[in-house]
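Quick notes on the structure that follows.
The values are calculated or read from the model by the stated rules, or taken from the named source; none is laboratory data. Note that the structure is a prediction, hence the values are computed from the model and not measured. With ideal geometry, Cβ positions are generated from the backbone for all residues, glycine too; neighbour counts draw on all protein chains shown. In case anyone asks, the SASA skips ligands and DNA or RNA and just uses the protein heavy atoms, side chains included. Shrake-Rupley method; radii C 1.70, N 1.55, O 1.52, S 1.80 Å.
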Amino acid sequence: MDLILLLIPLIPLAGAVINTFFGRMLEGSSHGHDDGHGSEGEHHTKPIPGILACVMVGISFVLSLIVFFDVLNGQRFNVDYFEWIVAGNFRATLGFLIDPLSATMLLIVTGIGFLIHVYALGYMAHDPDRPRFFNYLNLFIFSMLMLVMGNNLLVMFFGWEAVGLCSYLLIGYFYKKQSATDAGKKAFIVNRIGDFGFGLGIFLIFGTFGTIHFDQLFAAIQNQSNVFAIATTMTAIGMLLFVGAIGKSAQIPLYVWLPDAMEGPTPVSALIHAATMVTAGVFMVARCNPIYSFDIGPAGHILGMSAGDLVTYVGCATAVFAATIGLVQTDIKKVLAYSTVSQLGYMFIGVGVGAYSAGVFHLLTHAFFKALLFLGAGSVIHVMEHGFHKVGLHDDPQDIRNMGGLYSKAKVTAITFIAGWIAISGIPPFSGFFSKDEILSAAYHEGYNGVFWLGILGAMMTAFYMSRLVFLTFFGESRAKPEAREHLHESASVMTVPLMILAFFAVIAGFIGIPEALGGHNWFGHFLAPAVGEHAAPTEVHGFSEGILIGISIFAGLAGIGFAYLMYFKNTPQADKLSTEFKPVYTTLLHKYYVDEAYDKLIVSPIKWCSEKILWKGVDVKIIDGFLNVTAITTDLTGRVLRLFQTGYVQTYAFFISLGLFLIIYYLMK
């Protein structure tokens, strides 16, 4: 088993290494046209690098299944392979911890990763640089596996930083597009801000407990004799670690990188920014649950709240804030991007109120339906690009205002996308209903009533903007130019088969967590309990019963769908009328509350001005370069003077030697 665990991340890494050094050779020589985007380039080479990448992730998935079934039978693995860093009292090993939480993440990363790799074979079929693309994908899978498998914070932090690097490489994959390179740099820099807080949290943990290994750390917390002595420190640790999660999982105020990350290829959006990487923060909070559950009341609070409170409130604010922006976006991937930000907020509500299994359950169901929606969006874009390219149009293939009526043109894409839409809208019996309802119920029963009602509002808006997206894309009259309509057709089966598999799980995945209020046993919650604890239902119900809470949740989803149906299916002009009547609100939402503009004016521009005017032209040019120039001039002048004494005549040298001896004798006699 130790070898199997080691092979799970190493096999995708091997795929990345092989594609790095031999990808071009495996693919065969080709000099297709590269337009900087990749989707239109003529490419007639062999897809061997892509197939190799798929096989490597597929093998890793099979090994993950073997490990998962062992964990299902009650096994738990904590393996140290070798000492990585030893310095004084600090000791860190390269080791893996496999329990129900990490085993679940293994299946999500490798399983959905495999489907996305297969989908990418079709989506990137005409890209002139496929070995580089699949190299990055395999490297990402390796990095994400290291993050979720690590048995200490340093291994987790290694994977944490590595997925940040892969995100930068994949977002900026179309490096000839300025917007893509800018988005990649933005993601990298914003994540570094969060990672700084995460690093400080790790330092504080070691300074307090003398270890960064999870088992030793959690045992030290549990056996702490004087909880009041470390109460404030524990809150500070939880908050600092959560700063890293805010960056990686795109929460307020560091969410701004994720919508721009849609500049990357659509398989990247599905893999990194929907199913895996952005959920790393949720996984981290769940893994460190003893830290976030350590709350002895106001004695340990900072700014009047515990670390769990901070997680809950930030998640709630993000869920509602991002949902309002999604109401008016017109780019199909941007709508899904803000939906991801919002859904991550719900996951943080779950882990913040102590319902860790509920947060991870939503992470699981979201991975299926959001990967499905992103890949479905990629299929839609592929269909539109093909139609526009055939007739020489340059219309935006991602703008939903250019779509409509695609149900008859791409039925498989439409039907699978609709499955994802119903799931994210929280309509039973689709998966999103069970996980989101469990989170909102937990928030209500833990006394976060305001969070519950804001969560209901966010759920209604989610159903509304996703219904708007579906109605404008797949139904009604086509808004594409007439000459392009006849060229619109379904994507290849290599793209649609992964959609069907993901749609299947988007429908049924919720059944593993049916709550007891609906006659289920919440199998998933019980499965995760050894890793994250059991979130017990309240013994005494105050306020609404569980049945009423479920009814409110369902009503919110149906209401959102109903409003969208009336506005964008039955009476489309009404939507245009509302956008005109409430133009200030509409414009503000369309421009995303001008947050990017505010950041640029208040943070980015001052830093650039300071860097140019003070650090570059002031410190660098005038002080550093000035000092070096003075040193160079002094050295040059000294050399010019000393050179006069180097005549090449022996008598001259004898004279100076004699003069020197005379001066020394004179000094000594004096």
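The residue pairs whose first member lies in segment 289-314 and is open to solvent by less than 20 Å² (accessible area, probe 1.4 Å), whose second member is not in a helix (DSSP H, G or I), and whose beta carbons are closer than 6 Å, counting only pairs six or more residues apart or on different chains, are S306/D295; T312/V353. For the condition surrounded by fewer than 24 Cβ atoms within 10 Å (Cβ to Cβ) and in contact with a Lys or Arg (Cβ under 9 Å, 6 or more places away or on another chain), T324 does not qualify.
Considering only residues that are of a type outside the set (S, T, Y), under 17 Å from L52 (Cα atoms) and under 24 Å from the mean Cα position of the chain (by Cα), which ones fall in segment 74-126?
Initial filter on segment 74-126 (of a type outside the set (S, T, Y)): 74-80, 82-92, 94-101, 103, 105-109, 111-118, 120-122, 124-126.
Then keep just the ones that are under 17 Å from L52 (Cα atoms); that gives 111-118, 120-122, 124-125.
Within segment 74-126, G111, I112, G113, F114, L115, I116, H117, V118, A120, L121, G122, M124 meet the criteria.
Whenever a residue of segment 1-24 is free of Cβ contacts under 8 Å to residues at least 24 places away in the same chain, it has no partner that is loosely packed, with under 14 Cβ neighbours inside 10 Å and outside any helix (DSSP H, G or I) lying with C-beta atoms less than 7 angstrom away and at least six residues away or across chains.
Taking every residue in segment 256-268 that is over 15 Å from Y175 (Cα atoms) and pairing it with any residue that is part of a helix (DSSP H, G or I) and hydroxyl-bearing (S, T, Y), at least 6 positions away or on another chain, the pairs with Cβ-Cβ distances below 6 Å are P267/Y119; P267/Y123. Of all the criteria given as (1) farther than 30 Å from G450 by Cβ; (2) open to solvent by less than 80 Å² (accessible area, probe 1.4 Å); (3) touching a Gly at 6+ places or on another chain (Cβ under 8 Å), the one not satisfied by A556 is (1).
When segment 113-144 is limited to residues that are among the hydroxyl-bearing types (S, T, Y) and open to solvent by 30 Å² or more (accessible area, probe 1.4 Å), the one that is modelled with the highest pLDDT turns out to be Y136. Evaluating H489 against the criteria (1) without any contact (Cβ under 8 Å) to a residue 40 or more places away in the chain; (2) open to solvent by 80 Å² or more (accessible area, probe 1.4 Å) leaves one unmet condition, (1).
When V604, V595, V585, V621 are checked against the criterion of being without any contact (Cβ under 8 Å) to a residue 40 or more places away in the chain, within 28 Å of W453 (Cβ to Cβ) and part of a helix (DSSP H, G or I), a single residue qualifies: V585.
Residues in segment 487-538 that are among the hydrophobic types (A, V, I, L, M, F, W, C) and assigned to a loop (DSSP other than H, G, I, E, B): how many? Let's see the steps before the verdict.
Restricting attention to segment 487-538, the residues satisfying the condition of being among the hydrophobic types (A, V, I, L, M, F, W, C) are 488, 492, 494-495, 497, 499-509, 511-512, 514, 517-518, 523-524, 527-529, 531-532, 536-537.
Okay, now just the ones that are also assigned to a loop (DSSP other than H, G, I, E, B), so 488, 492, 514, 536-537.
Going through segment 487-538 one residue at a time, the tally reaches 5.
Within segment 410-447, the set of residues being under 28 Å from I381 (Cβ atoms) and aliphatic (A, V, I, L, M) comprises A410, V412, A414, I415, I418, A419, I422, A423, I424, I427. Of the residues contained in segment 617-637, none is found to be in contact with a Leu (Cβ under 9 Å, 6 or more places away or on another chain) and over 30 Å from Y255 (Cβ atoms).
Return yes or no: is I554 under 26 Å from I418 (Cα atoms) and assigned to a helix (DSSP H, G or I)? Before the answer, list the steps.
Details: under 26 Å from I418 (Cα atoms): yes; assigned to a helix (DSSP H, G or I): yes.
Yes; evaluated as a whole, the condition is true for this residue.
For segment 452-474, the tally of residues that are open to solvent by less than 10 Å² (accessible area, probe 1.4 Å), more than 23 Å from the chain's Cα centre (by Cα) and β-branched (V, I, T) stands at 2.
At least 1 residues that are aromatic (F, W, Y) in each: list the helices (runs of 4 or more DSSP H) lying fully within segment 75-184 that qualify. Write out each step before concluding.
Numbers: elements: 100-107, 113-123, 130-149, 153-171.
Output list reads 113-123, 130-149, 153-171.
Look at segment 191-204: where a residue is touching a residue at least 12 places away in the same chain (Cβ under 8 Å) and more than 14 Å from T235 (Cα to Cα) and a partner is assigned to a helix (DSSP H, G or I) and hydroxyl-bearing (S, T, Y), sitting 6+ places away or on another chain with Cβ atoms under 8 Å, you get N191/S167.
Could you tell me whether segment 79-88 includes any residue that is of a type outside the set (A, V, I, L, M, F, W, C), open to solvent by less than 70 Å² (accessible area, probe 1.4 Å) and closer than 21 Å to F157 by Cβ?
Keep residues of segment 79-88 that are of a type outside the set (A, V, I, L, M, F, W, C), which gives 80-81, 83, 88.
Keeping just the survivors that are open to solvent by less than 70 Å² (accessible area, probe 1.4 Å) gives 81.
After this cut, where a residue has to be closer than 21 Å to F157 by Cβ as well, the list is 81.
Yes.
The residues of segment 225-256 that are hydrophobic (A, V, I, L, M, F, W, C) and within 25 Å of Y594 (Cβ to Cβ), listed by number, are V243, I246, A250, I252, L254, V256.
State whether one or more residues within segment 217-228 are of a type in the set (S, T, N, Q) and open to solvent by less than 10 Å² (accessible area, probe 1.4 Å). Break it down stepwise before answering.
In the first step, residues of segment 217-228 are kept if they are of a type in the set (S, T, N, Q); the result is 222-226.
Among the residues that remain, those that are also open to solvent by less than 10 Å² (accessible area, probe 1.4 Å) are: none.
No, there is no match, as no residue in segment 217-228 is of a type in the set (S, T, N, Q) and open to solvent by less than 10 Å² (accessible area, probe 1.4 Å).
Restricting segment 578-617 to residues that are within 17 Å of Y338 (Cβ to Cβ) and in contact with a helix residue (DSSP H, G or I) (Cβ under 8 Å, 6 or more places away or on another chain), the residue that is least open to solvent (accessible area, probe 1.4 Å) is L589.
One residue is enough: does segment 414-430 have a residue meeting the conditions closer than 22 Å to G510 by Cβ, without any contact (Cβ under 8 Å) to a residue 24 or more places away in the chain and open to solvent by 10 Å² or more (accessible area, probe 1.4 Å)? There is at least one residue in segment 414-430 that is closer than 22 Å to G510 by Cβ, without any contact (Cβ under 8 Å) to a residue 24 or more places away in the chain and open to solvent by 10 Å² or more (accessible area, probe 1.4 Å).
Output the residue which, of all residues in segment 256-284 that are of a type outside the set (A, V, I, L, M) and under 10 Å from the mean Cα position of the chain (by Cα), is modelled with the lowest pLDDT.
Taking segment 256-284 and keeping what is of a type outside the set (A, V, I, L, M), we get 257, 259-260, 263-267, 269, 273, 276, 279, 281, 283.
Now drop any that are not under 10 Å from the mean Cα position of the chain (by Cα), which leaves 257, 269, 273, 276, 279, 281.
On the way: W257: 93, S269: 86, H273: 73, T276: 82, T279: 93, G281: 95.
Looking at residues that are of a type outside the set (A, V, I, L, M) and under 10 Å from the mean Cα position of the chain (by Cα), I get H273.
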